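What follows is a structure written as structure tokens; I'll ask about it next.
The values are calculated or read from the model by the stated rules, or taken from the named source; none is laboratory data. Just so you know, these numbers come straight off a predicted model, no measurement behind them. Note that each Cβ is placed from the backbone with ideal geometry, even for glycine, and that neighbours are counted across all protein chains shown.
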Amino acid sequence: MKRIGVFICHCGINIAGTVDIEKLTSQIKEYPNVVHVENYKYMCSSPGQQLINQQIMDKNLDAVVVAACSPSLHENTFRTSVQRVEMNPYNCEIANIREQCSWVHDDKQIATDKAAKIIKSMVEKTVLDEPLMPITVPVNRKALVIGGGVAGMQAALNIANNGYEVILVERESSIGGHMAMLSETFPTLDCSQCILTPKMVEVDQHPNITLITYSEVVEVSGFVGNFKVKIKQKAKYVDWEKCNGCGDCITECPINTPSEFEQQLGERHAIYRPFPQAVPNKVIVDMDECIQCMVCQVFCPTDAIDFNQKDSIVEQEVGAIVLATGYQLYSLKNLPEYGGGEIEDVIDGLAFERLLSASGPTQGVVKRPSDGKIPQDVVFIQCAGSRDPENHMPYCSRICCMYTAKHAMLYKHRVHQGRAYIFYMDIRSGGKDYEEFVQRVMEEERVVYLRGKVSRLYEEDGKVVVCGTDTLTRRNVEIKADLVVTATPIRPIEDIDQLSKLFKISINQNGFLTEAHPKLRPVESLTSGIYLAGCAQAPRDIPDTVAQASGAASMVCALFSSDQLYHDPIIAGVDEDLCSGCGICVGVCPYSARTLNREKGIVEVNEVLCEACGACSAACPSGAAQQRNFTDIQLKNMVKAILG
Amino acid sequence: MSEQKLKPKVAFYWCASCGGCEEAVVDLAEDILDVVEKIDIVFWPVAMDFKKQDVENYSNGEIAVSFINGAIRTEEQLEMARLLRKKSQLVVAFGSCSHLGGIPGLANLYSREDLFDTYYNKLPSNDNPRKILPLTETETDKGTITLPEIHRTVKALNQVINVDYYLPGCAPPPDLILNAIQAILENNLPPLGSVLAPEKSLCDTCPRKDSKPDKILIKKINRISLTEIPPDKCFLAEGVICMGPATRSGCGERCINANMPCRGCFGPTSAVEDQGAKFLSALTSIIDSEDEQEIKAILDSVIDPTGLFYMYSLASSVKRKYQDFK
């Protein structure tokens with residue numbers, strides 16, 4: 001028989017206010033296997049912990065049940081504490097009589113009875129608890145960062161500066177991401193490229209960072225500390241070992257095609273780099289456009305053009321992964337009410353950034369796409385698809401209020417006589433110096449803020465007629481605009497589903513990667529060793545992105561700080577005497593922790609991969625898959641204790 | 001005759017059963033002669049002329065072992081089971097019906113009134129214009145005649161008496177019967193309450209196990225009667241419901257070898273309490289869809305799920321009566 005001690009916490013009046021502690025103590029005293037019951041005002045305090053440890057020694061206890069608050073708060077406290085008197089931490093259990101009992105009841109009688117049942121059921125669990133030892137695994141101290149935007153770069157730099165190797169994979173040929181496309185950043189109006197390019201160069205030149213651009217991760221296996229990834233390097237048709245970035249090939253290429261980087265407002269050639277400051281400063285060939293006239297080959301001084309290049313796969317082993325895959329804008333095609341992308345002078349925010357950018361297609365002169373005229377009336381539409389659960393995206397994209405204010409300000413700086421109108425639902429300017437910035441735009445720049453939505457717009461006589469409502473004056477408004485700029489929602493990247501499957505990270509209903517805990521673990525995913533940064537997780541601005549990326553990097557560094565990892569031993573094992581190798585659990589395991597060993601005729605578990613979700617235990621038709629210290633018998637006994 | 005007295009006394013009895021378990025004893029063929037050499041059969045209504053009185057005459061515990069097959073659904077069966085328990089040192093539940101309730105246990109899906117009504121009134125072969133139903137007592141001009149009461153619930157043997165061992169199967173295969181008798185004779189028995197069959201489930205010994213894919217995921221549930229399954233392919237992987245993963249092995253894969261999926265007659269392993277629920281849990285885990293509607297459609301295509309998953313074990317399941325399922 002196990003000798004179990006039960007320690008009941010008053011938690012001040014948090015528990016004692018609703019639960020009759022003395023009565024509870026006497027009720028538990030008689031319960032089988034319980035050899036000692038004691039209560040104390042604050043069990044989690046130092047004297048409280050000492051009291052438990054003293055009794056473990058005096059009464060020679062095998063296990064303890066602490067009846068207190070939620071295990072998510074103090075399980076660790078007590079488990080660490082009992083180790084000081086050499087009790088296995090897994091022989092210490094928490095009976096939650098606060099959140100699940102005293103806090104949610106008023107009736108003292110009922111609450112006391114319920115607390116007794118909760119404690120008894122925990123005693124039943126404890127009776128069959130086994131002492132467990134943490135599982136140890138070696139750590140490969142090399143990180144993989146996916147996405148070369150500001151989030152990925154920041155994470156990579158932080159990890160690299162801590163002395164660890166980093167592989168940075170970017171799907172485009174240059175790092176920089178969306179931030180490289182921006183003109184100036186709110187609220188300080190720093191030139192975006194001016195603050196970003198030094199970082200890009202630092203990434204490129206950092207001895208600890210291996211940059212693999214124009215590539216994508218196609219396969220991931222392994223587990224925290226020991227991931228194996230396959231990276232597909234897309235054919236560039238240029239030998240980057242030889243390419244010196246002189247750009248002679250670009251100048252000579254006869255093909256012109258709309259530039260993705262310029263949001264189709266400018267052109268690029270078939271052989272190109274996305275923008276002049278590209279890092280690495282190398283060119284690639286767009287085979288869809290290339291006519292293979294070989295002019296580039298003729299003009300290349302280093303003989304780098306190689307039309308025989310093929311996609312190749314490189315394999316890497318890393319210990320941690322940061323996902324910083326960024327975002328895309330919701331396409332105007334999805335907004336038929338705003339022209340569905342058919343009206344040339346209706347553009348999205350990113351396109352307007354390019355029109356404002358000194359290095360953009362118009363060298364920073366605001367010219368409208370249709371005829372290149374300088375627009376005199378510009379309408380900005382906020383929430384163009386955001387906060388619209390019926391038709392579009394239900395969420396707030398967080399940055400649009402600020403960038404629209406910035407757009408209007410920058411437009412007024414460029415076109416002094418111009419008139420800027422902003423349709424908005426509310427102004428959300430929560431951020432350091434953000435509200436002051438918006439006030440400045442309203443008051444000093446004389447931008448007209450109209451609270452209301454635009455119902456529709458159409459082209460007429462070279463203008464875009466915008467029909468909306470100003471709900472403050474309760475009047476319908478019609479503006480004949482030269483240019484309309486929409487703040488369309490921030491969406492996860494197109495293939496987020498594949499990414500989520502590849503890395504086994506869940507996504508929310510809007511497609512954003514899900515963090516382990518919305519408040520307390522915002523940069524971790526639920527798969528240990530995989531971290532999140534930037535807009536892949538949720539829409540956010542640059543300061544937040546950089547902060548989150550640094551957070552993710554510091555998690556990676558913490559992981560790398562020891563050469564061994566400890567994995568919680570509460571995993572779902574296999575009873576080899578029962579397992580018939582039916583294999584049903586193998587397909588059920590979301591962490592690929594289970595494999596069928598055909599030779600032995602049983603399923604084997606990779607203990608490090610197991611996250612103890614219990615899916616296999618539910619699925620196992622023979623009862624061979626049992627979660628340690630949460631076995632079917634334990635759960636059944638617990639239920640019996642509650643019902644009985 | 002003194003030698004005869006030293007032989008252990010053995011009783012066989014049948015309750016609600018089809019007679020297949022009796023056949024299984026006869027199936028021992030010439031081996032039965034060896035068995036009869038070593039034991040003294042003192043009660044076996046199907047084969048020999050013994051009366052209840054004969055059993056009553058034995059002192060308590062005088063019979064070494066009673067093998068009782070069939071489920072318990074009448075007062076008479078209950079009475080005999082209790083009597084044999086009293087007179088026997090060991091009671092072995094013999095066959096699926098005694099072990100788990102078996103197919104008669106499916107009667108628990110209906111009320112006794114419904115069963116009577118169907119059986120005595122509605123069946124097309126019946127001619128019962130006066131709607132006479134069985135009664136426990138009937139007055140006739142020659143006096144009162146009685147019938148044992150039919151219970152409202154069909155029960156497994158261990159729901160009415162203590163059972164020491166279980167010989168599973170519909171019917172138990174001869175080798176397991178011989179092993180059990182051997183073990184009893186040699187007093188080489190596992191802990192009380194054990195099922196006298198291997199611990200692992202049927203996949204362990206299934207001749208088709210090599211055809212199993214690395215991950216079993218199914219998109220469509222196929223009925224065996226409408227599907228052509230190659231004789232070497234895992235049924236479940238082909239979408240045919242096979243209870244094998246949730247069923248104890250030891251049957252000799254008789255159904256599998258006849259190209260029929262396992263129906264679960266050996267019951268669950270020792271770690272599982274409710275075979276049907278466990279299999280259902282396993283099946284729902286391998287449905288290859290993320291779409292709620294699609295999952296529902298796939299699962300709805302299982303015809304008679306209770307009859308399929310609980311074919312042999314309904315009476316001994318956690319929810320013994322269908323009324324509770326509703």
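Within segment A:585-598, can one find any residue that is within 28 Å of A:Ser500 (Cα to Cα), more than 9 Å from chain B (Cβ to nearest Cβ) and in contact with a His (Cβ under 6 Å, 6 or more places away or on another chain)?
No; the residues of segment A:585-598 include none that is within 28 Å of A:Ser500 (Cα to Cα), more than 9 Å from chain B (Cβ to nearest Cβ) and in contact with a His (Cβ under 6 Å, 6 or more places away or on another chain).
Just the residues that are touching a residue at least 24 places away in the same chain (Cβ under 8 Å), under 18 Å from A:Ser173 (Cα atoms) and polar (S, T, N, Q), please, taken from segment A:188-247.
Selection gives A:Gln193, A:Thr197, A:Thr210, A:Thr213, A:Ser215, A:Gln233, A:Asn244.
Which one of the conditions (1) in contact with a helix residue (DSSP H, G or I) (Cβ under 6 Å, 6 or more places away or on another chain); (2) more than 21 Å from A:Met638 (Cα to Cα) does A:Leu51 fail to meet, given that it meets all the rest?
All conditions are met except number (1).
May I pose another question? Please enumerate the residues belonging to segment A:576-622 that are closer than 26 Å to A:Cys92 by Cα, in contact with a Leu (Cβ under 8 Å, 6 or more places away or on another chain) and of a type outside the set (Asp, Glu).
Scanning segment A:576-622 gives a single hit, A:Val608.
Additional query: For segment A:175-200, give me the residue count where each residue is part of a loop (DSSP other than H, G, I, E, B) and over 17 Å from A:Pro274 (Cα atoms).
Result for segment A:175-200: 4.
Here's something else I'd like to know. Quick check on A:His416: is it within 21 Å of A:Leu355 (Cα to Cα) and surrounded by fewer than 16 Cβ atoms within 10 Å (Cβ to Cβ)?
yes
Another question, if that's okay. Have a look at B:Cys97, B:Cys18 and point out the one that is closer than 20 Å to B:Gly267 by Cβ, among the hydrophobic types (A, V, I, L, M, F, W, C) and assigned to a helix (DSSP H, G or I).
Being closer than 20 Å to B:Gly267 by Cβ, among the hydrophobic types (A, V, I, L, M, F, W, C) and assigned to a helix (DSSP H, G or I) holds for just one of B:Cys97, B:Cys18, which is B:Cys97.
Of A:Gln292, A:Gln264, which residue is touching a Pro at 6+ places or on another chain (Cβ under 7 Å) and on the phi > 0 side of the Ramachandran plot?
Only one candidate passes the filter, namely A:Gln264.
Could you check segment B:215-243 and list, in sequence order, the residues that are facing chain A (nearest Cβ under 8 Å) and in contact with a strand residue (DSSP E or B) (Cβ under 6 Å, 6 or more places away or on another chain)?
Within segment B:215-243, none qualify.
Scanning for something within 14 Å of chain B (Cβ to nearest Cβ) and in a loop (DSSP other than H, G, I, E, B), does segment A:606-618 turn up at least one residue?
Yes; the residues of segment A:606-618 include at least one that is within 14 Å of chain B (Cβ to nearest Cβ) and in a loop (DSSP other than H, G, I, E, B).
Sticking with this structure for a sec: Among the residues of segment A:566-578, what is the count of those that are buried (at least 19 other Cβ atoms within 10 Å of the Cβ), more than 13 Å from every other protein chain (Cβ to nearest Cβ) and out of contact with any strand residue (DSSP E or B) (no Cβ under 6 Å at 6 or more places or on another chain)?
Counting residues in segment A:566-578 that are buried (at least 19 other Cβ atoms within 10 Å of the Cβ), more than 13 Å from every other protein chain (Cβ to nearest Cβ) and out of contact with any strand residue (DSSP E or B) (no Cβ under 6 Å at 6 or more places or on another chain) gives 1.
Given (1) more than 9 Å from chain A (Cβ to nearest Cβ); (2) crowded, with 16+ Cβ neighbours inside 10 Å; (3) touching a residue at least 12 places away in the same chain (Cβ under 8 Å); (4) within 24 Å of A:Leu578 (Cβ to Cβ), identify the lone condition not met by B:Cys255.
It is condition (3) that B:Cys255 fails.
Take segment A:440-454 and flag every residue that is buried (at least 18 other Cβ atoms within 10 Å of the Cβ) and not in a loop (DSSP other than H, G, I, E, B).
Those that are buried (at least 18 other Cβ atoms within 10 Å of the Cβ) and not in a loop (DSSP other than H, G, I, E, B): A:Val441, A:Tyr449, A:Leu450, A:Val454.
Kindly establish whether B:Glu139 is charged (D, E, K, R) and in contact (Cβ under 8 Å) with a residue 12 or more places away in the chain.
In short, no.
Quick one: count up the residues across segment A:427-443 that are β-branched (Val, Ile, Thr) and touching a Cys at 6+ places or on another chain (Cβ under 9 Å).
Adding up the residues that qualify gives 2.
Test each condition in (1) crowded, with 22+ Cβ neighbours inside 10 Å; (2) within 14 Å of chain B (Cβ to nearest Cβ); (3) not in a loop (DSSP other than H, G, I, E, B); (4) not charged (D, E, K, R) for A:Gly581 and report the one that comes out false.
Among (1) crowded, with 22+ Cβ neighbours inside 10 Å; (2) within 14 Å of chain B (Cβ to nearest Cβ); (3) not in a loop (DSSP other than H, G, I, E, B); (4) not charged (D, E, K, R), A:Gly581 violates only (3).
If I filter segment A:97-115 for residues that are over 35 Å from the mean Cα position of the chain (by Cα), within 14 Å of A:Val34 (Cα to Cα) and of a type outside the set (D, E, K, R), do I get at least one hit?
Within segment A:97-115, none of the residues are over 35 Å from the mean Cα position of the chain (by Cα), within 14 Å of A:Val34 (Cα to Cα) and of a type outside the set (D, E, K, R).
Further question on the same structure: Could you count how many residues in segment A:474-489 are in a loop (DSSP other than H, G, I, E, B) and buried (at least 17 other Cβ atoms within 10 Å of the Cβ)?
Selection size over segment A:474-489: 4.
So which strands (runs of 3 or more DSSP E) stay within segment A:51-162 end to end and still have 1 or more residues that are farther than 23 Å from A:Gly225 by Cβ?
The strands (runs of 3 or more DSSP E) meeting that bar are A:63-68, A:92-96.
On to the next question. Restricting the search to segment B:184-211, which residues are over 22 Å from the mean Cα position of the chain (by Cα) and away from every other protein chain (no Cβ under 14 Å)?
The answer is B:Leu185, B:Glu186, B:Asn187, B:Asn188.
Ok, one more. Using the structure shown, decide if A:Gly349 is free of Cβ contacts under 8 Å to residues at least 24 places away in the same chain and of a type outside the set (Asp, Glu).
Spelling it out, it is not the case that A:Gly349 is free of Cβ contacts under 8 Å to residues at least 24 places away in the same chain and of a type outside the set (Asp, Glu).
Can you find, within segment A:490-520, the residue that is farthest from A:Ala533 (Cα to Cα) among those that are touching a residue at least 40 places away in the same chain (Cβ under 8 Å) and in a helix (DSSP H, G or I)?
Going through the qualifying residues, I end up with A:Leu502.
Give, as residue ranges, the strands (runs of 3 or more DSSP E) completely inside segment A:326-406 that count at least 2 residues that are farther than 23 Å from A:Ile542 by Cβ.
Strands (runs of 3 or more DSSP E) meeting the threshold: A:377-381.
Let me confirm something: among B:Ile132, B:Ile181, B:Ile145, B:Ile177, which residue is outside the structural domain of B:Cys255 (by TED's automatic domain parsing), in a helix (DSSP H, G or I) and more than 18 Å from the chain's Cα centre (by Cα)?
B:Ile181
Given the options B:Val26, B:Val36, name the one that is outside the structural domain of B:Asp304 (by TED's automatic domain parsing), surrounded by fewer than 16 Cβ atoms within 10 Å (Cβ to Cβ), within 30 Å of B:Leu308 (Cα to Cα) and modelled with pLDDT under 95.
When all the criteria are applied, what remains is B:Val26.
Take B:Val272 and tell me if it is of a type in the set (Val, Ile, Thr), surrounded by fewer than 16 Cβ atoms within 10 Å (Cβ to Cβ), within 14 Å of another protein chain (Cβ to nearest Cβ) and closer than 30 Å to A:Gln634 by Cβ.
Taking the combined requirement at face value, the residue does not satisfy it.
Listed here are the residues, each with its yes/no results for (1) modelled with pLDDT under 95; (2) over 21 Å from A:Cys44 (Cα atoms); (3) crowded, with 21+ Cβ neighbours inside 10 Å; (4) not aliphatic (A, V, I, L, M).
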{"residue": "A:Asn91", "(1), (2), (3), (4)": "no, no, yes, yes"}
{"residue": "A:Ala95", "(1), (2), (3), (4)": "no, no, yes, no"}
{"residue": "A:Glu99", "(1), (2), (3), (4)": "no, no, no, yes"}
{"residue": "A:His105", "(1), (2), (3), (4)": "no, yes, no, yes"}
{"residue": "A:Lys108", "(1), (2), (3), (4)": "no, yes, no, yes"}
{"residue": "A:Ala116", "(1), (2), (3), (4)": "no, no, yes, no"}
{"residue": "A:Ile119", "(1), (2), (3), (4)": "no, no, yes, no"}
{"residue": "A:Met122", "(1), (2), (3), (4)": "no, no, yes, no"}
{"residue": "A:Thr126", "(1), (2), (3), (4)": "no, no, yes, yes"}
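If a residue has to be within 35 Å of the chain's Cα centre (by Cα) and surrounded by 18 or more Cβ atoms within 10 Å (Cβ to Cβ) to count, how many in segment A:588-605 make the cut?
Residues meeting the conditions: 8.
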